[in-house]
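I have placed the structure first, in the form of structure tokens, so that the comments after it can refer back to it.
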Ligand code: DQA
């Protein structure tokens with residue numbers, strides 16, 4: 001059976017395609033999910049793709065991931081910069097974690113430069129737009145296959 005990767009998306013990412021396209025691009029989250037499925041299948045993985053605007057739902061998804069996920073890719077949106085709860089949930093996950101952002105959070109407002117997820121992430125991919133999701137799948141596949 002193919003190993004599974006959880007791709008978790010936080011608040012406002014359901015609006016991709018119409019939300020600030022100059023920053024976040026024109027692809028919708030559905031488009032990105034399709035790209036991720038294709039990339040994962042090429043590498044022999046399966047993806048579980050989720051989005052929530054609620055911090056608690058994201059914490060629940062991370063807790064459940066320990067049962068059967070080989071890795072987590074998380075774009076926590078604005079919770080990246082605020083959520084100790086998501087940070088704590090990720091601390092208990094014992095497989096690779098990629099922190100992902102469409103935009104380069106280090107080239108934007110100062111409040112985006114602080115990440116609670118960076119402290120627990122195996123690695124960080126940001127600034128490559130929707131392609132970053134595919135790069136993150138490649139990174140997890142390399143880590144898992146190593
Ligand atoms: C984001 C960057 C965050 O600062 C922002 O709050 C988002 C999206 C990104 O993918 O670039 O919602 O995570």
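Values quoted throughout were computed directly from the atomic coordinates according to the rules given, and no laboratory measurement underlies them. What you see is a predicted model, and the numbers here were worked out from it, not measured in a lab. With ideal geometry, Cβ positions are generated from the backbone for all residues, glycine too; neighbour counts draw on all protein chains shown.
Per-structure values
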| quantity | calculated |
| --- | --- |
| Distance histogram in 10 Å bins (all Cα pairs of the range 1-68, percent per bin) | 19, 43, 33, 5 |
| Most mobile listed residue (41, 61, 121) in the chain, GNM with C-alpha springs under 10 Å | 41 |
| Label-point separation, residue 92 to residue 41 (7 Å along Cα→Cβ), nm | 3.5 nm |
| Mean-position separation - Cα centroids, the range 122-136 and the range 1-46, in angstrom | 11 Å |
| Volume of the Cα convex hull of the range 3-145, divided per residue and given in Å³ | 90 Å³ |
| Three-way shape call for the range 81-146 based on the alpha-carbon gyration tensor, with the a/c threshold at 1.5 | oblate |
| Residue-span extension gain [residue 106 to residue 30] - 0.36 nm each, minus C-alpha spacing | 24.7 nm |
| Extension gain (nm, one decimal) between residue 85 and residue 2, 0.36 nm per residue minus Cα-Cα | 26.9 nm |
